[in-house]
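To start, the structure itself, in structure tokens.
The values are calculated or read from the model by the stated rules, or taken from the named source; none is laboratory data. Computed from a predicted model, the values in this text were never measured in an experiment. All Cβ positions, even for glycine, are placed from backbone atoms using ideal geometry, and neighbour counts span all protein chains on display.
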Amino acid sequence: MKKISSFILSLLILFSLSVPALGATTSKKLLPVEPRVKAKAAISYDLTNNEIILEKNMNEKMFPASITKLMTALLLAEHSDREDALKIGTEPLKQPSFAINKNMYKLYKGDTITADAAMKAILLPSANDMAVVAAEHVGTTIEGFVQMMNEKAKELGMASTHFVNPSGLHDPEHYTTAYDLAKLAKAAYANDWVREIIATQTANIRTKNQKIGDIKNSNQLLGINGNVGGKTGFTPEAGRCLIGIYVRDGREVIQVLLNDGTTSKSTLVFTDMAAMADEAYAMEKVAMVTKGTPVDSITAEYKLFRWFGPIKKVQIKAQIQDDLMLYNNTINNDSEGLTPSVKPLSNLDVFELNEGLPVADITLVKGETTLTTKALSQTNTFDSIIMPNAVPYAGLAVGGLLAAALILFLIIRGLRSRKSTQHKIRSKRQAKRRKTARTNFTDRI
């Protein structure tokens with residue numbers, strides 16, 4: 001009986017798994033947090049962990065103004081060496097303020113400037129003429145360069161961006177989003193040359209034939225409270241725009257503010273940028289899916305008697321092992337997309353179920369963030385398999401006992417028959433020996 005019971009409990013599973021659903025998931029204890037800024041669109045992006053910390057209308061179509069020049073600078077860095085000579089043609093000299101040619105020192109057609117000096121002019125005071133110089137050098141024509149800009153945007157995943165010019169001068173078809181600009185800033189910051197220039201406070205530049213003089217970074221926050229770079233922008237249509245990159249306690253955060261102030265002299269964008277940085281670094285994650293959330297349910301199919309018998313189904317109750325933590329912003333805490341996917345373990349054996357045993361992988365994907373944990377079983381083999389199948393298992397046990405009894409009977413009967421046969425053989429041998437002995441004795445007499 002013990003052997004038969006052991007056999008039943010050791011039956012292996014042959015199963016297929018259905019797609020399970022998850023029960024109620026979100027804690028919803030807090031209202032989602034939005035950055036306290038005047039900007040019409042904003043984002044604070046944790047570059048270290050690739051997570052959105054705060055956002056406000058981050059996917060809304062906006063005008064980037066001179067933040068566009070980050071793309072121009074990135075392409076210049078990717079397609080030039082620092083000492084390359086960039087020719088100053090006719091088109092750069094037509095560009096409006098701010099321009100080196102109009103606001104600092106008159107430039108001349110045919111003169112050249114190094115790519116490094118042009119990069120500094122593009123990113124520090126945001127010179128429109130130098131952006132066109134770079135565009136014509138890299139793309140041959142402005143149109144060719146704009147095509148490269150849009151191809152690069154697509155490569156970076158800037159799905160809601162379209163560029164028309166290399167400087168950011170207003171055009172209804174020249175647009176982007178705060179989220180897309182965070183992607184651009186990430187790529188630009190990863191480039192050693194660009195990263196070095198946006199961290200530069202002042203520089204002295206010249207063309208081949210004449211001095212230009214000192215230029216100053218327009219990012220008023222550079223070097224303050226962890227700000228290691230950024231890019232400013234303004235047009236009347238775009239308003240004040242600013243990208244800021246921060247490094248504090250080993251964490252890198254990219255921030256974007258769009259349309260934050262309506263005049264070129266407004267400092268609101270800098271005040272908001274500093275405040276949003278403090279808010280972002282102070283943000284702590286909350287449980288969007290809480291530990292103990294039930295999984296409804298994991299279904300497994302198995303054959304009742306291992307290799308044969310009817311196919312049965314078992315519902316495995318389970319719950320999530322850990323809190324799934326996200327920043328409590330308006331993207332993460334939007335009540336959508338907070339149902340994790342559940343993938344039952346491939347080596348799951350329903351005859352080895354115990355409470356607390358991992359039975360599935362839990363994955364929550366929110367934007368660029370992927371969180372994982374396990375689902376732990378709340379059922380066991382005895383309650384989920386043995387008890388529901390008690391009658392067929394009892395029948396199997398009784399049948400096993402009867403079979404064992406029959407086998408035992410046949411063995412005993414066989415043994416007795418063999419013993420009887422052996423006894424008859426021995427008796428015949430003894431009788432033969434006695435007969436032989438008598439014959440021999442008679443002969444001697």
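Observations on the model:
- Which numbered condition Lys265 misses (of (1) surrounded by 14 or more Cβ atoms within 10 Å (Cβ to Cβ); (2) in the same structural domain as Met58 (by TED's automatic domain parsing); (3) not β-branched (Val, Ile, Thr)): (1)
Yes or no, residue by residue, for (1) assigned to a strand (DSSP E or B); (2) on the phi < 0 side of the Ramachandran plot; (3) among the polar types (S, T, N, Q); (4) in the same structural domain as Ala65 (by TED's automatic domain parsing):
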{"position": "Gly223", "(1), (2), (3), (4)": "no, no, no, yes"}
{"position": "Val228", "(1), (2), (3), (4)": "yes, yes, no, yes"}
{"position": "Gly233", "(1), (2), (3), (4)": "yes, yes, no, yes"}
{"position": "Cys241", "(1), (2), (3), (4)": "yes, yes, no, yes"}
{"position": "Gly244", "(1), (2), (3), (4)": "yes, yes, no, yes"}
{"position": "Gln255", "(1), (2), (3), (4)": "yes, yes, yes, yes"}
{"position": "Asp260", "(1), (2), (3), (4)": "no, yes, no, yes"}
{"position": "Ala277", "(1), (2), (3), (4)": "no, yes, no, yes"}
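- Selection over region 210-243 of residues that are among the charged types (D, E, K, R) and surrounded by 22 or more Cβ atoms within 10 Å (Cβ to Cβ) gives a count of 2.
- Some residue of region 104-123 being in a helix (DSSP H, G or I), β-branched (Val, Ile, Thr) and either under 29 Å from Met58 (Cα atoms) or touching a helix residue (DSSP H, G or I) at 6+ places or on another chain (Cβ under 8 Å) (or both): yes
- Residue in region 64-76 that is in contact (Cβ under 8 Å) with a residue 40 or more places away in the chain, surrounded by fewer than 16 Cβ atoms within 10 Å (Cβ to Cβ) and not assigned by TED's automatic domain parsing to the domain that holds Asn332 present: no
- Any hit, region 235-247, residues being under 26 Å from the mean Cα position of the chain (by Cα) and over 25 Å from Leu169 (Cβ atoms): yes
- Residues of region 135-170 satisfying the condition of being surrounded by fewer than 22 Cβ atoms within 10 Å (Cβ to Cβ), over 21 Å from Ile113 (Cβ atoms) and polar (S, T, N, Q): Gln147, Asn150, Ser160
- Residue list for region 333-350, restricted to those being more than 19 Å from the chain's Cα centre (by Cα) and under 12 Å from Ile316 (Cβ atoms): Pro344, Leu345, Leu348, Asp349, Val350
Per-residue answers, yes or no, for (1) aromatic (Phe, Trp, Tyr); (2) modelled with pLDDT of 90 or more; (3) exposed (fewer than 15 other Cβ atoms within 10 Å of the Cβ):
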site: Val286; (1), (2), (3): no, yes, no
site: Lys303; (1), (2), (3): no, no, no
site: Trp307; (1), (2), (3): yes, no, yes
site: Asp323; (1), (2), (3): no, yes, no
site: Ile331; (1), (2), (3): no, no, no
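- Of all positions in region 304-313, none carries a residue that is in contact (Cβ under 8 Å) with a residue 24 or more places away in the chain and either closer than 30 Å to Asn227 by Cα or of a type in the set (Asp, Glu) (or both).
- All of Thr207, Thr177, Thr202 fail the test of being surrounded by fewer than 17 Cβ atoms within 10 Å (Cβ to Cβ) and either within 22 Å of Asp129 (Cβ to Cβ) or in contact (Cβ under 8 Å) with a residue 24 or more places away in the chain (or both), apart from Thr202.
- Test: residue in region 51-58 that is closer than 24 Å to Asp334 by Cα, modelled with pLDDT of 75 or more and exposed (fewer than 14 other Cβ atoms within 10 Å of the Cβ): no
- One residue alone among Lys312, Lys317, Lys343 is in a strand (DSSP E or B), over 20 Å from Thr363 (Cβ atoms) and not hydroxyl-bearing (Ser, Thr, Tyr), and that residue is Lys312.
- Residue check for Ala190: at negative phi and crowded, with 17+ Cβ neighbours inside 10 Å: no
- Filtering Asp116, Asp84 for residues that are surrounded by fewer than 18 Cβ atoms within 10 Å (Cβ to Cβ) and at pLDDT 95 or above leaves a single hit, Asp84.
- Scanning region 124-158 for residues that are at negative phi, in contact (Cβ under 8 Å) with a residue 24 or more places away in the chain and not in a helix (DSSP H, G or I) turns up Leu124, Pro125, Ala127, Leu156, Met158.
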